[in-house]
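Working notes, structure below.
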Amino acid sequence: MVHLVGSLRKELADSVSSCRVLVVGAGGIGCELLKNLVLTGFKNIEVIDLDTIDVSNLNRQFLFQKKHVGKSKAEVAKESVLQFCPSANITAYHDSIMNPDYNVEFFRKFVLVMNALDNRAARNHVNRMCLSADIPLIESGTAGYLGQVTVIKKGQTECYECQPKPTQKTFPGCTIRNTPSEPIHCIVWAKYLFNQLFGEEDADQEVSPDQADPEARWDSAEAAAKASASEQDGDIKRVSTKDWARSTGYDPVKLFNKLFKDDIRYLLTMDKLWKKRKAPMPLDWEELLQQASPSEAVSVSGLKDQQVFGVQGYAQMFSSSVKTLREDLQQKGDGAELVWDKDDPPAMDFVTAAANLRMHIFSMNMKSRFDVKSMAGNIIPAIATTNAIIAGLIVLEGLKILSGQMDKCRTIFLNKQPNPRKKLLVPCALDPPSSNCYVCASRPEVTVRLNVHKTTVLSLQDKILKERFGMVAPDVQIEDGKGTILISSEEGETEANNNKVLSDFGIRNGSRLQSDDFLQDYTLQLNLLHSEELEKDVEFEVVGEVPEKGPAPAAEDGKSIANGNKDSAQPSTSSKVPVEEDDDDDVLILDSDEEPSSSSAMNVSTEGGSAQKRKLADAETGESSAKRKRLDKPTASEQDDDDDIIALD
């Protein structure tokens, strides 16, 4: 007779109560996950999160209240979860998981690691640490109504980095508000600004500088004092952006100077942000008017929508669009709101102008109206129910691992709409490790094409090793028979090399470099190919990566842009989950009776009844993965068994 403890077998219940688990992230998924873990019977939990609680978190991160604003997410989550189970042993860290203190030995303390993260760099890092420590990792993510969970185990499954991923298309709020580095960051900010000024205000779409940016500063005593300053409302009384704009009569000049001068000057006071970044340059309305006329600012000829204006031109466009939108509001009456529409010329002009002015401030190449319109797709909302479903699935996969049933673990996709078998949750077999993976292969190796006469040592370190290959503190040695040290992780040791080009060290076509990251216990061999024929603005290429060749979107807004919240639209485990859209052009609908492998290509049902193959897109990035084999078709009895899925009648 099976002895049960609650709903679990006694042996499993004993394992659950005695094992030590690590939860990385205490945001949308993390809050739900911590609650699930203690209610399931997990007693020894450690949670780490660098972030502090913002008012915009309160609508879905239910462990937090107004009085907690400004406090550490990890610390507050711990205290809240203990109310569910006071006997639990929970340790909270207000810190970055990429801190060298959390090394391989730290990870080896755990039986299981569960990710609830919002950015790829941290996901890459935890993936490598778990591989080095040989600890199972459960990855997860959500984007609107979509989500996924998967299991990663060294030598048995694909790791997080087995499938190459294009540029990330979801961004934390502090990136949008404080440190934009790509045009898309500025476009998302401009759309938020439109809603804050003219549309429905949303706390998730704040555009002012983020004073709680954990990278800028964090003082626990100061944050606690600030949070307790008003126990009644958490000291979160704010002046509405819209109310302020109304008080100025929507004066374009005052709006301009506030957004592009005063706010930028405030950002400059957060000096820690600019130690390794180029600082932004504030704009002043009067100074711009004196510099040049708008007609002199057109940089290219051609169709109007494809022209890129100078900063003066976009300043004038900003002013005229604000005046037009102000009139539209006045015509609608008191309390009216405008809805942003890419086909509404004043609204599109406003976003184009505001985005380009911000690009200029942060030293980016500005974009044409056509480019901005094509990039300004749907912003994915954060949905608490999606987070709750995914958190539940994480625990279920964790129970399989603790039961010694790795063979029963699956990648599980949560879709917006049911497939023909009425399933919203679709389990897929885990894929084996990729033999070409530059992380989990037995001898990780990549070939990089670059210009050795132009690429600097600093670019090699920051853009190639850290940004592209996810290293934290690389040490690089030239395989030249002398063991020349090109880059050292010891501060100041090789700093004199930073601005020298690779050819200064005898590096040429065919040279080999060995890069070691001792924190990650990771070694990568780089084979360098010299080329003087790289495309414009391309500094390097990873040889062998196949460009994405998914079908062209059916409409201009086929591309999706996730919002800038910390946890919303921030999955995902790999290149496997579709990105949510208003329409279903790029929404994955699984319509096969077969259970596919987790990164195989699926058919997407169309309204006309026809189907075309689409690659699974990552809910974090909108990217697609390579096609893979499907599993054999399930039996009829398996098809009728819906115990493990949610069905819609």
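The values are calculated or read from the model by the stated rules, or taken from the named source; none is laboratory data. Here the structure is a predicted model, which is why all the values come from computation and not from measurement. Note that each Cβ is placed from the backbone with ideal geometry, even for glycine, and that neighbours are counted across all protein chains shown. Protein only, heavy atoms only, side chains kept; ligands, DNA and RNA dropped before computing areas. Shrake-Rupley method; radii C 1.70, N 1.55, O 1.52, S 1.80 Å.
Restricting attention to region 1-31, the residues being part of a helix (DSSP H, G or I) and either out of contact with any Phe, Trp or Tyr (no Cβ under 8 Å at 6 or more places or on another chain) or open to solvent by less than 10 Å² (accessible area, probe 1.4 Å) (or both) number 12.
Scanning region 40-55 for residues that are open to solvent by 10 Å² or more (accessible area, probe 1.4 Å) and within 20 Å of SER140 (Cα to Cα) turns up THR40, GLU46, ASP49, LEU50, ASP51. If we scan region 294-315, do we find a residue that is at pLDDT below 90, acidic (Asp, Glu) and not in a helix (DSSP H, G or I)? No: zero hits. Residues in region 349-374 that are farther than 17 Å from LEU268 by Cα and surrounded by fewer than 20 Cβ atoms within 10 Å (Cβ to Cβ): 6 in all.
Filter region 109-143 for residues that are among the small types (Gly, Ala, Ser) and either in contact with a helix residue (DSSP H, G or I) (Cβ under 7 Å, 6 or more places away or on another chain) or under 16 Å from LEU402 (Cα atoms) (or both) and give the result. Correct list: ALA116, SER132, ALA133, SER140. Considered as a group, the residues in region 509-524 that are open to solvent by 20 Å² or more (accessible area, probe 1.4 Å) and touching a residue at least 60 places away in the same chain (Cβ under 8 Å) include one that is farthest from VAL126 (Cα to Cα), and that residue is THR523.
Quick check on region 418-435. Is at least one of its residues part of a loop (DSSP other than H, G, I, E, B) and in contact with a Phe, Trp or Tyr (Cβ under 6 Å, 6 or more places away or on another chain)? No, because not a single residue in region 418-435 is part of a loop (DSSP other than H, G, I, E, B) and in contact with a Phe, Trp or Tyr (Cβ under 6 Å, 6 or more places away or on another chain).
Of the residues LYS482, LYS466, which is crowded, with 16+ Cβ neighbours inside 10 Å and of a type in the set (D, E, K, R)? From the options LYS482, LYS466, the qualifying one is LYS466. What about ASP407, is it surrounded by fewer than 20 Cβ atoms within 10 Å (Cβ to Cβ) and assigned to a helix (DSSP H, G or I)? The answer is yes for ASP407. Between ASN415, ASN365, ASN356, the distinction of being of a type in the set (S, T, N, Q), under 25 Å from the mean Cα position of the chain (by Cα) and within 30 Å of GLY155 (Cα to Cα) belongs to ASN415 only.
In summary, no strands (runs of 3 or more DSSP E) completely within region 461-523 bear 3 or more residues that are modelled with pLDDT under 90 and of a type in the set (Asp, Glu). Within region 447-463, being under 26 Å from ASN99 (Cα atoms), surrounded by 19 or more Cβ atoms within 10 Å (Cβ to Cβ) and of a type in the set (A, V, I, L, M) holds for VAL457, LEU460.
Scanning region 45-85 for residues that are assigned to a helix (DSSP H, G or I) and at pLDDT below 90, we see that the one that is nearest to ALA391 (Cα to Cα) is ASN57.
Within region 392-404, being of a type outside the set (Lys, Arg) and either at pLDDT below 95 or open to solvent by 20 Å² or more (accessible area, probe 1.4 Å) (or both) holds for GLY392, LEU396, LEU399, ILE401, LEU402, SER403, GLY404. Of all residue pairs spaced 6 or more apart or on separate chains, those with beta-carbon atoms under 7 Å, a first member in region 320-348 that is farther than 14 Å from ASN195 by Cβ and a second member that is of a type in the set (Val, Ile, Thr) are PRO346/THR324.
Among all residues of region 443-451, there is none that is hydrophobic (A, V, I, L, M, F, W, C) and under 21 Å from THR150 (Cβ atoms).
The residue list VAL472, VAL501 contains one member that is surrounded by 15 or more Cβ atoms within 10 Å (Cβ to Cβ) and under 20 Å from VAL439 (Cα atoms), which is VAL472. Checking LEU112, LEU34, LEU58 one by one, the residue that is crowded, with 24+ Cβ neighbours inside 10 Å, more than 18 Å from the chain's Cα centre (by Cα) and over 25 Å from PRO474 (Cα atoms) is LEU34 and no other. Only helices (runs of 4 or more DSSP H) whose full extent lies in region 149-239 are considered here, and the ones with at least 2 residues that are under 27 Å from ILE97 (Cα atoms) and at pLDDT below 60 are 220-228. In region 104-132, the qualifying residues are those that are in a helix (DSSP H, G or I) and either basic (Lys, Arg) or free of Cβ contacts under 8 Å to residues at least 60 places away in the same chain (or both), and the one that is nearest to LYS43 (Cα to Cα) is PHE106.
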